[in-house]
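One structure is given here, and the rest of the page talks about it.
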Amino acid sequence: MALEEAELCFPQINNSCRMTSRPHLEATLLYSLLSCITLLTVVLNLLVIISISHFRKLHTTTNLLLLSLAVADFLVGVLQMPFEILLFQGCWILGDFLCAANFFLGFVITSASVGIMLLISVDRYVAICDPMFYSIKVTPKSVQVCICLCWMFSAFHNSWMQWDFLKQPGRYNSCYGECVLVVNYVAGTVDLVVSFFGPITVIIVLYMRVFVVAVSQARTMRSHIAAVTLQHSKKVTTKKSEMKAAKNLGVVVVVFLLCFSPAYCYILAAESNLVEASYAASQIWLLYLNSTLNPVIYAFFYPWFRKSIKLIVTLQIVKPGSCEANVL
């Protein structure tokens, strides 16, 4: 009887859910690993946010999109990952209201991240395929508006999809200490199209177009490299810079697809439309791992991020005029 009660989330409640039993060593290693990933996600994305916000040289339209993505990744580390660590025991101890809030925020942040990735692809498409009008079409104000609309649409879409659940949190729980969300077939199908398959299709098409144009431009530059004037040389340098940015951001997009696709494919292939965080833990953590990998990619591919980290860690940013530092 004592063993049976020890396996319950709330031994004093008859309708309590059962805890997920794991060997002590395995549980300790697992929690330690996930805690380190969470801390790394928060710290690295905070460094990205400080870097782009503080240094004026980094106030570009493309970096505004990276800033918004870093904010989303930071929220994943602060709000989502700690809750997922709690759910590895199979028990939700924070009540029905926070259960609903956790699901809602998780879906909003995930949908917004997909939207920002779409905006990044559009930004690179215009920069490579229509460079003459890039500065006209893609302005800081237009990017800010698109980012705001992306977050607003994500919040509206998920409010509609989870409306019944948000009105009555815990309505789908089968026992006390459970945190589950049931999405009906129609809403689930619409969400898969709107939040994943639709944007991902557009992202892939745009980057295929960017790749074709980039290869064509590279061949053109090589064939005329000996005859360029100083003015043309500047244009060539600009094109190389834009294509390098497209390549770097392409890595971000590919990693995003590798992390997000398994989770959405799991939802699509599931025989039941019951979404339980503890049951789909591996897919969810792979999805969240993308938030950790993004700033790591920046560290490898962006010299400005490495320079910014050095200035931040050494507290150089507290000095007057540090925002004008040339980190490019």
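The values are calculated or read from the model by the stated rules, or taken from the named source; none is laboratory data. From a predicted model like this one, the values you see are computed outputs, not experimental measurements. Ideal geometry is used to build each Cβ from the backbone, glycine not excepted, and the neighbour counts take in all protein chains shown. Only protein heavy atoms, including side chains, enter the accessible area calculation; ligands, DNA and RNA are left aside. Shrake-Rupley method; radii C 1.70, N 1.55, O 1.52, S 1.80 Å.
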Residue by residue through segment 139-155, note down the ones that are surrounded by fewer than 20 Cβ atoms within 10 Å (Cβ to Cβ) and closer than 18 Å to Phe196 by Cβ. Trp151, Phe153, Ala155
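Among the residues of segment 34-49, are any of a type outside the set (Ser, Thr, Tyr), part of a helix (DSSP H, G or I) and more than 30 Å from Tyr302 (Cα to Cα)?
No, there is no match, as no residue in segment 34-49 is of a type outside the set (Ser, Thr, Tyr), part of a helix (DSSP H, G or I) and more than 30 Å from Tyr302 (Cα to Cα).
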Do we find that Phe74 is at pLDDT below 90, part of a helix (DSSP H, G or I) and among the aromatic types (Phe, Trp, Tyr) in this structure? no
Within segment 53-62, does at least one residue satisfy the condition of being touching a Lys or Arg at 6+ places or on another chain (Cβ under 9 Å), open to solvent by less than 50 Å² (accessible area, probe 1.4 Å), assigned to a helix (DSSP H, G or I) and polar (S, T, N, Q)? yes
Candidate set from segment 254-275 (those that are surrounded by 20 or more Cβ atoms within 10 Å (Cβ to Cβ) and not aromatic (Phe, Trp, Tyr)); member that is modelled with the lowest pLDDT: Ala263
Check Leu87, Leu33, Leu94, Leu39 and return the single one that is more than 19 Å from Pro295 (Cβ to Cβ) and open to solvent by 50 Å² or more (accessible area, probe 1.4 Å). Leu94
Run Gly250 past the list (1) closer than 30 Å to Cys91 by Cβ; (2) at pLDDT 65 or above; (3) small (Gly, Ala, Ser) and report the number of the one that doesn't hold. (1)
Restricting attention to segment 13-23, does a residue exist that is among the hydroxyl-bearing types (Ser, Thr, Tyr), within 30 Å of Phe156 (Cβ to Cβ) and touching a residue at least 24 places away in the same chain (Cβ under 8 Å)? no
Identify all residues within segment 102-122 that are open to solvent by less than 30 Å² (accessible area, probe 1.4 Å) and either without any contact (Cβ under 8 Å) to a residue 24 or more places away in the chain or in contact with a Leu (Cβ under 6 Å, 6 or more places away or on another chain) (or both); write none if there are none. Phe103, Ile109, Ile116, Ile120, Ser121
Go through segment 133-186 and report how many residues are touching a residue at least 12 places away in the same chain (Cβ under 8 Å) and of a type in the set (D, E, K, R). 1
The conditions are (1) modelled with pLDDT of 80 or more; (2) touching a Gly at 6+ places or on another chain (Cβ under 7 Å), and Ser278 fails exactly one of them. Which is it? (1)
Suppose we keep only residues that are crowded, with 16+ Cβ neighbours inside 10 Å and of a type in the set (A, V, I, L, M, F, W, C) within segment 156-165. Which one would you say is farthest from Thr20 (Cα to Cα)? Met161
Selection from segment 158-203 of residues in contact with a helix residue (DSSP H, G or I) (Cβ under 8 Å, 6 or more places away or on another chain), among the polar types (S, T, N, Q) and modelled with pLDDT of 85 or more yields Asn158, Ser159, Gln162
Scanning segment 90-145 residue by residue, the ones that are hydrophobic (A, V, I, L, M, F, W, C), farther than 18 Å from Val180 by Cβ and in a helix (DSSP H, G or I) total 19
